[in-house]
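Step one of this worksheet: look at the structure below.
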Amino acid sequence: RKEVEQDPGPFNVPEGATVAFNCTYSNSASQSFFWYRQDCRKEPKLLMSVYSSGNEDGRFTAQLNRASQYISLLIRDSKLSDSATYLCVVNIRGSSASKIIFGSGTRLSIRP
Amino acid sequence: DTEVTQTPKHLVMGMTNKKSLKCEQHMGHRAMYWYKQKAKKPPELMFVYSYEKLSINESVPSRFSPECPNSSLLNLHLHALQPEDSALYLCASSQEYGTSRETQYFGPGTRLLVL
């Protein structure tokens, strides 16, 4: 089982739709969680850090469920410019080292 | 300002060449990272520097040699690469490594082609 798993998609949704992605992680020592977006042939850009209480930034909402070991990203009123690959990142901190794990990414395509 | 810069943007090299990738950040971050990314795959961690010391080497072949001359700069020296090393090489930085202040910011990457 992969340490961080995402549905690869692609998700193809119409403009204005609401879309949600999940990311599951296997290591209960996971401490920090992030969502990045990556456009084709560009670098990953931080979208949101995910806090235990969940957080919202405009049309984007991220939630963390430690009991079920998943994080989610909800995009409301999707725009054409939201088309990208969304990467889930989990940091696992042990007593002496930290490990950074990327999910394989979920591809989202918004159609007019 | 959350800017990480990388040079060059593109690099084509032969298998006998020696070249270097450069990364710079002026955010006062004390952790810097090199990643390799192949098409349609997530970034793979190669090296982590924390306070200018190598903290993590993810079993990277010795033909890749990292260097951290100071807290703002990170280099990746390349020698005798193979065609399968062609990829996007991403640099990232964070305030610290292994703490709660580890949000990473990525540079635009160097697209490397090995012939």
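Laboratory data are not the source of any read-out in this text; all were calculated from the coordinates shown. Just so you know, these numbers come straight off a predicted model, no measurement behind them. Neighbour counts run over all protein chains shown; Cβ positions are idealised from the backbone, glycine included.
Please compute the contact order of region B:14-115 in relative form: average sequence separation of alpha-carbon pairs under 8 Å and at least six residues apart, divided by the residue count, as a percent. Don't skip to the answer; put the middle values down first.
Values: 230 pairs, mean separation 34.4, N = 102.
It rounds to 34 percent for region B:14-115.
Taking a Cβ cut-off of under 12 Å around A:Pro10, the surrounding Lys, Arg, Asp and Glu residues balance to a net charge of +2, with basic ones at +1 and acidic ones at -1. The DSSP beta bridges internal to region B:1-112 are antiparallel in roughly 95% of cases. Residue order for A:Leu73, A:Leu80, A:Leu47, fewest other beta carbons within 10 angstrom first, comes to A:Leu80, A:Leu47, A:Leu73.
With the cut-off at 22 Å, tell me which of the pairs B:Lys9/B:Lys53; A:Lys2/B:Lys40; A:Lys42/B:Lys53; B:Lys9/B:Lys38 have Cα atoms farther apart than that. Please report the intermediate quantities before stating the final value.
Numbers: B:Lys9/B:Lys53 26 Å; A:Lys2/B:Lys40 17 Å; A:Lys42/B:Lys53 28 Å; B:Lys9/B:Lys38 16 Å.
Violating the 22 Å Cα-Cα cut-off are B:Lys9/B:Lys53; A:Lys42/B:Lys53.
Neighbours of B:Leu21 by Cβ distance under 15 Å: Lys/Arg scored +1, Asp/Glu scored -1, total +3. The Cβ shell under 9 Å around A:Cys23 holds other residues with a net charge of -2, Lys and Arg each +1, Asp and Glu each -1. Quick one: grab the alpha carbon gyration tensor of region B:3-115, order the square roots of its eigenvalues as a ≥ b ≥ c, and give me rounded if a/c is under 1.5, else prolate or oblate depending on whether a/b is larger than b/c. Cα axes put region B:3-115 in the prolate bin. Spatially, region B:48-115 and region A:1-30 are offset by 27 Å when compared through their Cα centroids. For chain A, modelled as a GNM whose springs connect Cα atoms under 10 angstrom apart, the maximal fluctuation among A:Glu43, A:Glu56, A:Glu15 occurs at A:Glu43.
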